[in-house]
Amino acid sequence: MFEGDVRDVRAVLPAYAIGVGTGPLDGPVRNSVGGRPFLDDGQEWPECFCGERMALFFQFDIPTDLEVFGGDHLLVFHCRAHNDASDPQLADGRLVPRYWDAPQPPYPRPFWRVLLQRHAERPTAEAEPSLRALPLTLQPFLDTPDAGGPGARAFKVGGAPSWAQGPEYYRCACGADLVYLCQVPEGMEFAVHPGLPEQPYSIGADTYGMFLSNEVYLLACPAHCDPAAIWPVNQN
Ligand SMILES: [Zn+2]
Ligand SMILES: [Zn+2]
């Protein structure tokens with residue numbers, strides 16, 4: 001390696017591996033599976049078009065050293081009753097206007113809601129009723145994709161997506177190119193309290209999953225044009 005050759009340094013991307021603790025949680029925490037969502041003032045708990053309140057799968061503060069979204073609070077909600085893959089709807093080379101609320105055929109609206117909240121100082125009064133509340137831990141690691149290649153296949157924020165089928169990017173309705181933020185590995189299931197209705201197509205009777213257990217790559221709008229301007233790419 002010649003002096004000044006920094007290819008290897010450039011190929012290392014800051015990232016955090018996300019771990020699910022064993023809990024249970026005593027009070028509201030900002031980094032959790034389930035629990036009490038921290039939402040901006042005026043932001044309601046999302047509801048699915050079917051009328052069910054969506055389940056809070058996880059939330060965490062994005063570490064401040066991660067570019068673009070550092071300091072934001074990420075929350076991922078998904079309906080229990082509706083479990084399907086996301087299907088991008090495009091117009092003029094972009095995701096359709098207000099794609100986070102737009103029809104998702106055959107559904108009248110998406111069955112998930114991902115939010116980036118920029119204030120999120122207080123937790124809601126109620127806790128997520130279905131998923132068991134568990135702490136999340138964020139452990140820094142260096143994701144080391146080869147010259148633009150895929151990153152580690154892990155539950156993580158930052159770094160590079162591992163792309164099960166190859167890179168897939170979208171332009172936001174506002175015109176900004178969405179930026180990869182967070183990855184949920186294929187087949188990841190989240191424990192629920194006993195006695196709840198089973199989720200269609202989920203792997204376990206006592207767990208819920210998201211997007212038919214596809215690998216999920218969250219791409220978010222770097223312009224922050226709306227708190228819900230995030231697209232969940234699904235691959236397997
Ligand atoms: Zn629903
Ligand atoms: Zn946007």
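Can you pull out the residues in the stretch 42-74 that are part of a strand (DSSP E or B) and touching a Lys or Arg at 6+ places or on another chain (Cβ under 8 Å)?
Residues of the stretch 42-74 that are part of a strand (DSSP E or B), as a first pass: 47, 53, 55-61, 73-74.
Result: E47, A55, Q59, F60, D61, H73.
Quick one: which of P194, P161 is free of Cβ contacts under 8 Å to residues at least 24 places away in the same chain and away from ligand 2 (no atom under 16 Å from the Cβ)?
Result of the check over P194, P161: P194.
Could you pull out the residue among L115, L136 that is in contact with an Asp or Glu (Cβ under 9 Å, 6 or more places away or on another chain) and not basic (K, R)? Before you say what the answer is, go through the steps one by one.
On the way: L136 fails: in contact with an Asp or Glu (Cβ under 9 Å, 6 or more places away or on another chain).
Within the list L115, L136, the selection yields L115.
Among the residues of the stretch 88-109, is any farther than 22 Å from Y201 by Cβ, buried (at least 17 other Cβ atoms within 10 Å of the Cβ), of a type outside the set (D, E, K, R) and within 16 Å of ligand 1 (Cβ to nearest atom)?
Yes, the conditions are met somewhere in the stretch 88-109.
Looking at Q199, Q139, can you tell me which residue is under 24 Å from A17 (Cα atoms) and away from ligand 2 (no atom under 16 Å from the Cβ)?
Q139 is the lone residue from the list that is under 24 Å from A17 (Cα atoms) and away from ligand 2 (no atom under 16 Å from the Cβ).
Might you check whether a residue that is touching a Gly at 6+ places or on another chain (Cβ under 9 Å) and either farther than 16 Å from R113 by Cβ or at pLDDT below 95 (or both) occurs anywhere in the stretch 47-60?
No; the residues of the stretch 47-60 include none that is touching a Gly at 6+ places or on another chain (Cβ under 9 Å) and either farther than 16 Å from R113 by Cβ or at pLDDT below 95 (or both).
Can you name every residue in the stretch 48-71 that is in contact (Cβ under 8 Å) with a residue 60 or more places away in the chain and either of a type in the set (D, E) or within 16 Å of ligand 2 (Cβ to nearest atom) (or both)?
V68, F69
Inspect the stretch 138-145 for any residue being within 16 Å of ligand 1 (Cβ to nearest atom) and surrounded by 13 or more Cβ atoms within 10 Å (Cβ to Cβ) and give the result as yes or no.
no
If the Cβ limit is 9 Å and pairs must be 6+ apart or interchain, which residue in the stretch 216-234 that is over 12 Å from Y170 (Cβ atoms) and of a type in the set (F, W, Y) pairs with which residue that is more than 11 Å from ligand 2 (Cβ to nearest atom) and modelled with pLDDT of 95 or more?
Listed pairs, sorted by first residue: none to list.
Within the bounds of the stretch 78-94, is there any residue that is aliphatic (A, V, I, L, M), within 16 Å of ligand 2 (Cβ to nearest atom) and over 18 Å from S213 (Cα atoms)? Spell out how you get there, then give the answer.
Kept after step one, since they are aliphatic (A, V, I, L, M), are these residues of the stretch 78-94: 81, 85, 90-91.
With the extra rule that they be within 16 Å of ligand 2 (Cβ to nearest atom), the set shrinks to 90-91.
Imposing the further condition that a residue be over 18 Å from S213 (Cα atoms) reduces the set to 90-91.
Yes: the stretch 78-94 contains one or more residues that are aliphatic (A, V, I, L, M), within 16 Å of ligand 2 (Cβ to nearest atom) and over 18 Å from S213 (Cα atoms).
Here's the yes/no breakdown for (1) hydrophobic (A, V, I, L, M, F, W, C); (2) surrounded by fewer than 22 Cβ atoms within 10 Å (Cβ to Cβ); (3) modelled with pLDDT of 95 or more:
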site: H193; (1), (2), (3): no, yes, no
site: E198; (1), (2), (3): no, yes, no
site: D206; (1), (2), (3): no, yes, no
site: V216; (1), (2), (3): yes, no, yes
site: C225; (1), (2), (3): yes, yes, yes
site: I230; (1), (2), (3): yes, no, yes
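Name every residue in the stretch 172-221 that is in a loop (DSSP other than H, G, I, E, B), within 18 Å of F60 (Cα to Cα) and more than 16 Å from ligand 1 (Cβ to nearest atom), in order of residue number.
P185, M188, E189, C221
Sort out which residues of the stretch 76-94 are farther than 13 Å from P232 by Cβ and in a strand (DSSP E or B), and write them in order of number.
Correct list: L90, A91, R94.
Is it the case, given these coordinates, that P129 is out of contact with any helix residue (DSSP H, G or I) (no Cβ under 9 Å at 6 or more places or on another chain), more than 23 Å from G209 (Cα to Cα) and either away from ligand 1 (no atom under 16 Å from the Cβ) or in a loop (DSSP other than H, G, I, E, B) (or both)?
The answer is no for P129.
The values are calculated or read from the model by the stated rules, or taken from the named source; none is laboratory data. Keep in mind it's a predicted model, so treat the numbers as computed, not measured. With ideal geometry, Cβ positions are generated from the backbone for all residues, glycine too; neighbour counts draw on all protein chains shown.
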